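Enquirer: First, the structure itself, so that you have it in front of you.
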Amino acid sequence: MRIEVSPSGRAGCRGCKVAIAKGILRFAESYVMPGADQQAFRYWHLECAAKKLGSSLQDALAAYEGEVPEREALEALIRSAPKKTGRDRPLPHADRAPTGRAKCMQCAAQLEKGAWRVAVEREVDAGAFMTRGPGYLHPRCLAAWASEQPSALGDDLIERLLRNTEPTDAERDELLTLLAPD
């Protein structure tokens, strides 16, 4: 995820479907192409990304060293955008289990309806190809799961999880308690 200057006017915005003019700033969202295991980019006008991908754009704004026209207006759009739920949030994030059907990827126990769960990215076998999607864990199982992963999830895993979750102060304290391994 990054902010960059559009080198041409050919790319269309994923939000509004209008071409992104040459020379203006755009948001580049990275993703893995299903079936090709190859990284690619989807492009957004900054205003469209602020409405749909607020937390990702916020991270990109923080990392961008250049001048961003109307930065305050973009940040206001990010703050006023509806809060993301479940599938809309970037991974990792925590939320309350809407059903009691999912099982923890670490301990295989049922995730009870209404209980906190942590959503992380995992590979999913879709028959003819592999894709990526969310997998769920008990908060207390996150540390053990992360220690077994071959890919480095980074030292800031808990920080990213909390940023993507956007909890209230009370929820943050509850989550930090639950995230402590036994």
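Enquirer: Condition check: under 26 Å from G54 (Cα atoms), outside the structural domain of S56 (by TED's automatic domain parsing) and assigned to a loop (DSSP other than H, G, I, E, B). Does G114 satisfy that?
Expert: yes
Enquirer: Take segment 38-69 and flag every residue that is of a type in the set (D, E, K, R) and under 15 Å from the mean Cα position of the chain (by Cα).
Expert: R42, K51, K52, D59
Enquirer: Mind checking which residues of segment 6-31 are of a type in the set (A, V, I, L, M, F, W, C) and free of Cβ contacts under 8 Å to residues at least 40 places away in the same chain?
Expert: Of everything in segment 6-31, those that are of a type in the set (A, V, I, L, M, F, W, C) and free of Cβ contacts under 8 Å to residues at least 40 places away in the same chain turn out to be A11, C13, C16, V18, A19, I20, A21, I24, F27, A28.
Enquirer: Being over 18 Å from R89 (Cα atoms) and touching a Phe, Trp or Tyr at 6+ places or on another chain (Cβ under 7 Å) narrows it down to one residue among A40, A28, A63, A49; which is it?
Expert: A40
Enquirer: Yes or no: R14 among the charged types (D, E, K, R) and not in a strand (DSSP E or B)?
Expert: Yes; evaluated as a whole, the condition is true for this residue.
Enquirer: Let me spell it out: the conditions are (1) modelled with pLDDT of 80 or more; (2) surrounded by fewer than 17 Cβ atoms within 10 Å (Cβ to Cβ), and R79 meets all of them except one. Which number is the exception?
Expert: Condition (1) is where R79 drops out.
Enquirer: Separate question: In segment 88-101, what count of residues is obtained for those that are loosely packed, with under 13 Cβ neighbours inside 10 Å and touching an Asp or Glu at 6+ places or on another chain (Cβ under 9 Å)?
Expert: The total comes to 1.
Enquirer: Looking at Q58, is it part of a loop (DSSP other than H, G, I, E, B) and out of contact with any Gly (no Cβ under 9 Å at 6 or more places or on another chain)?
Expert: no
Enquirer: Go through segment 102-116 and give me each residue that's touching a strand residue (DSSP E or B) at 6+ places or on another chain (Cβ under 8 Å) and loosely packed, with under 12 Cβ neighbours inside 10 Å.
Expert: A109, G114
Enquirer: Would you mind telling me which numbered condition in (1) at pLDDT 85 or above; (2) not assigned by TED's automatic domain parsing to the domain that holds S8 P90 fails?
Expert: Result: P90 fails condition (1) only.
Enquirer: Please name all residue pairs, on different chains or six or more residues apart, with Cβ atoms under 6 Å, provided the first residue is in segment 94-116 and is closer than 22 Å to R160 by Cβ and in contact (Cβ under 8 Å) with a residue 12 or more places away in the chain and the second residue is of a type in the set (V, I, T) and in a strand (DSSP E or B).
Expert: Sorted first by the residue in segment 94-116, then by its partner, the pairs are A94/V118.
Enquirer: Return yes or no: is I3 surrounded by 18 or more Cβ atoms within 10 Å (Cβ to Cβ) and more than 24 Å from N164 (Cα to Cα)?
Expert: Criteria not met by I3.
Enquirer: For the condition at pLDDT 80 or above and touching a strand residue (DSSP E or B) at 6+ places or on another chain (Cβ under 9 Å), what is the one hit in E148, E174?
Expert: Being at pLDDT 80 or above and touching a strand residue (DSSP E or B) at 6+ places or on another chain (Cβ under 9 Å) holds for just one of E148, E174, which is E174.
The values are calculated or read from the model by the stated rules, or taken from the named source; none is laboratory data. On a predicted model such as this, the values are computed, not experimentally measured, just so you know. With ideal geometry, Cβ positions are generated from the backbone for all residues, glycine too; neighbour counts draw on all protein chains shown.
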